[in-house]
1. Restricted to the range 263-273, and to residues that are out of contact with any helix residue (DSSP H, G or I) (no Cβ under 6 Å at 6 or more places or on another chain) and not small (Gly, Ala, Ser), which residue is surrounded by the fewest Cβ atoms within 10 Å (Cβ to Cβ)?
2. Against the condition surrounded by 15 or more Cβ atoms within 10 Å (Cβ to Cβ), in contact with a Phe, Trp or Tyr (Cβ under 6 Å, 6 or more places away or on another chain) and of a type outside the set (Gly, Ala, Ser), how does Ile276 come out, does it pass?
3. Which one is farthest from Leu220 (Cα to Cα), of the residues in the range 274-313 that are of a type in the set (Asp, Glu) and at pLDDT 90 or above?
4. Taking only pairs six or more apart or across chains, which ones have beta-carbon atoms under 8 Å, a first residue in the range 90-114 that is free of Cβ contacts under 8 Å to residues at least 12 places away in the same chain, and a second residue that is assigned to a strand (DSSP E or B)?
5. Please determine, by comparing only the residues of the range 167-194 that are more than 21 Å from Lys210 (Cα to Cα) and part of a loop (DSSP other than H, G, I, E, B), which one is farthest from the chain's Cα centre (by Cα).
6. If Tyr247 satisfies every condition in (1) over 21 Å from the mean Cα position of the chain (by Cα); (2) in the same structural domain as Cys92 (by TED's automatic domain parsing); (3) over 30 Å from Ser133 (Cα atoms) but one, which is the exception?
7. Of everything in the range 281-313 that's among the β-branched types (Val, Ile, Thr) and surrounded by 17 or more Cβ atoms within 10 Å (Cβ to Cβ), which residue is nearest to Gln267 (Cα to Cα)?
Amino acid sequence: MQKPQKKAIQKVNVIGSVLSAVVAGTIVFVAMNNQLKQCVIEKNHLKTAVSVPVEKPKNTPDFVPALQPKNQDIFNQTACYHILNATLPNRCVNIHYQTLDTQIDWLNHLLLDNRNIEQVKTDLQQQLEKQHSDNIGFIANNQQIEPTKINIQTPQNKDIENIPVAENNHSVIFLNQKGKIAQFQIHDSEYAFGMAHGIFSTKYRVFDLKNQKEITFDDLILSSKRTILAKILRDRLNENPNLGDEYLLNHCENKEECIEEELLKAQFYFDKDGIIFSYDPYQVAPYSQGVVELKPEYWELQGIIRGDYLPYR
């Protein structure tokens with residue numbers, strides 16, 4: 001009777017051992033699983049902490065792009081002609097228009113005077129044809145030759161060397177960018193047959209990249225301070241021994257309102273120490289003086305220039 005009881009006890013012991021092993025294994029599994037979850041959490045936290053900030057999308061209000069403009073030739077054509085049975089050499093008309101591709105559509109559009117490239121090409125082609133026609137008439141009248149005897153040609157560039165050329169050139173230069181402000185210089189020159197000399201101009205265009213607009217003279221100057229600014233510019237003009245306001249006095253017949261108006265027709269751009277106001281030949285001085293630039297310093301312009309653009313450093 002003791003043997004069956006002994007076997008029963010042994011069987012109970014085996015079952016107890018198995019149950020103990022299962023419980024122990026479960027405890028170990030739960031502990032390892034919890035440890036694994038903790039590692040994953042710590043890894044994700046670390047990944048979030050060291051991740052590189054995502055670049056702001058370009059349509060956010062405070063995004064200011066860094067410009068890297070590239071030259072872009074839009075139009076460069078020459079139309080030439082010669083007169084049959086005449087000793088007069090061939091003459092040509094050339095139009096060259098170069099702008100910049102800034103990689104910003106609205107800025108490119110403004111640099112093209114609110115036109116697209118195809119519109120500019122069409123306008124320039126019409127301008128070339130008109131100048132060509134005008135020059136044919138000019139030569140025919142001077143030489144007393146019937147226009148019907150004029151033969152029009154469009155030679156290759158190699159054929160127009162040393163031939164008189166009437167020219168019209170336009171080019172855009174990127175000056176610099178300081179924060180949200182980008183500045184460009186525009187060169188225009190024109191020479192037509194019969195002119196005593198060519199006509200040229202240098203203009204400046206300043207853009208607010210954050211607000212996507214061109215900064216005009218009226219944007220820059222407080223309207224109530226225009227007279228004060230005109231006086232500062234006139235003082236600068238008279239400080240230059242080669243300039244002075246004699247030209248303006250004669251041009252305006254000594255009328256102060258006229259002098260102020262002419263001085264406030266300036267182009268402008270920002271410099272390190274002040275704002276440069278630029279004038280084309282004949283604006284405030286004779287042609288012989290070329291482009292005239294006057295630079296009041298920033299400290300002089302406190303309370304005259306809008307706070308958004310002063311100081312510009």
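The values are calculated or read from the model by the stated rules, or taken from the named source; none is laboratory data. Quantities reported herein were computed from a predicted structural model and do not represent experimental measurements. Cβ atoms come from the backbone with ideal geometry, glycine included; neighbour counts cover every protein chain shown.
1. The qualifying residue surrounded by the fewest Cβ atoms within 10 Å (Cβ to Cβ) is Lys272.
2. Numbers: surrounded by 15 or more Cβ atoms within 10 Å (Cβ to Cβ): yes; in contact with a Phe, Trp or Tyr (Cβ under 6 Å, 6 or more places away or on another chain): yes; of a type outside the set (Gly, Ala, Ser): yes.
So Ile276 fits the description; yes.
3. The extreme case among them is Glu293.
4. Asn108/Thr99; Asn108/Leu100; Asn108/Asp101
5. Once the filter is applied, the top-ranked residue is Gly194.
6. (2)
7. Residue satisfying both the conditions and the ranking: Val292.
Conditions (1) exposed (fewer than 13 other Cβ atoms within 10 Å of the Cβ); (2) acidic (Asp, Glu); (3) under 24 Å from Ala66 (Cα atoms), marked per residue:
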| position | (1), (2), (3) |
| --- | --- |
| Tyr204 | no, no, yes |
| Asn242 | yes, no, no |
| Cys252 | no, no, no |
| Glu261 | no, yes, no |
